[in-house]
1. Highest mean first, how do 219-232, 11-24, 161-174, 78-91 rank when packing is the count of other Cβ atoms within 10 Å averaged over residues?
2. Enumerate by residue number the GluC sites (Glu not before Pro) in segment 45-125 meeting two conditions: DSSP loop (anything except H, G, I, E, B), and at most 12 other Cβ atoms within 10 Å of the site's Cβ.
3. As a test of reading the structure, rank E155, E249 by solvent-accessible area (1.4 Å probe, protein chains only), most first.
4. Accessible area per residue of the chain at 1.4 Å probe, in Å²?
5. Kindly list the residues of segment 96-118 that lie in the label zone of R209, defined by a backbone N under 14 Å from the point 7 Å along the Cα-to-C-beta vector.
6. Hey, what did segment 109-234 get for relative contact order, percent, Cα under 8 Å, at least 6 apart?
7. Roughly speaking, what is the stretch gain from T95 to T123, that is 0.36 nm per residue apart minus the C-alpha to C-alpha distance, in nm to one decimal?
8. What shape does segment 207-253 have by the C-alpha gyration tensor, where a ≥ b ≥ c are the square roots of the eigenvalues, rounded means a/c under 1.5, and otherwise prolate means a/b greater than b/c and oblate the rest?
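The values are calculated or read from the model by the stated rules, or taken from the named source; none is laboratory data. Remember, it's a predicted structure, so these values are computed and weren't measured experimentally. Using ideal geometry, Cβ is built from the backbone for each residue, glycine included, and neighbour counts are taken over all protein chains shown. To get the accessible areas, we keep the full protein, side chains included, count just its heavy atoms, and leave off ligands, DNA and RNA. Shrake-Rupley method; radii C 1.70, N 1.55, O 1.52, S 1.80 Å.
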Amino acid sequence: VNAAIVTSIAHWPPGHAETRLRARPFAAVATDLDLDCETMPKPALVTELLARCLCDDAHDGDTDGAREALWQWNVVDRLQGLLAIAYASNGAETTALAHCSDCRGQIELELGLAGFVAESVETVDCTSPEGRRIRCRLPSGADLSAWMHDAAGDESWLAQRLVIAVDDLPPERDWRMPEAWLAPIADALQAADPLTALKLDVQCPFCGRALAVEVDLESLLLTALGRRQRAVIEDVHRLASNYHWNEAEIVAMPAWRRRRYLDRIQAEFT
């Protein structure tokens, strides 16, 4: 690992005495440019980013082992890992856009990543309409991938997959979840994991209307990381065209040094 990456490793959560995760910036090594951030399904893309950019001594040099374990991380832990990578890559804030339904004004929301620190959750409990005690686990990356590919987004299929106990006993093999259980299970999962379907209360700065803005935080972070990758590819193109360095050499440079060379190119062009 080159010195530039070592010095930019970020600790998550920021400002906390105890570090839960360490992450390096994305697009800091040439192999990061191989990742297709545009078309890869989100569960696979998140898993790949976590495997590449989280610094975990237990999986040092064993990316296949890391990927296998990361597929089993639940959505809370996966989002915290993605936040750590975004923090290491793009800094302490990200931006979301919203539109007022009254005046059609565009609102730019500056979101501090530290505000999205969340504790890990393993299981949630709720009660069915007829009074049965239900215990569920949170969905993992593997669950989300199977839900997309095998169940076409069927929420009842996913909810049944997550039920681990009914009245303190595991469900029978051929058990089918009653449709009426979907709502209480969904509410319990939302309460335990509010960041997956994040809603922010804001006021329109143009007309003063109170707005409830839905923010897909995971997609927002992935989009920002994709922009970073495209920016590095653009830097590689311009520097390789002028200095004829190879891709790995250019990506390994600290960002400030690349910017100095790019400024020189711009100055000569001007």
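1. Working: 219-232: 17.5, 11-24: 15.4, 161-174: 12.0, 78-91: 22.7.
Output ranking for 219-232, 11-24, 161-174, 78-91: 78-91, 219-232, 11-24, 161-174.
2. Details: sites: E48, E68, E93, E108, E110, E119, E122; in loops: E119, E122.
Qualifying residues, ordered by number: E119, E122.
3. Values: E155 115, E249 95 Å².
So the residues, ranked largest to smallest area, are E155, E249.
4. On the way: 15080 Å² over 270 residues.
On a per-residue basis, 56 Å².
5. Those under the cut-off are 98-107.
6. Working: 118 pairs, mean separation 23.7, N = 126.
Reported as a whole number, the value is 19 percent.
7. On the way: separation 28, 0.36 × 28 = 10.08 nm, distance 3.13 nm.
Stretched fully, the T95-T123 segment lengthens by 6.9 nm.
8. Working: a/c = 6.37, a/b = 3.26, b/c = 1.95.
In terms of gyration-tensor shape, prolate.
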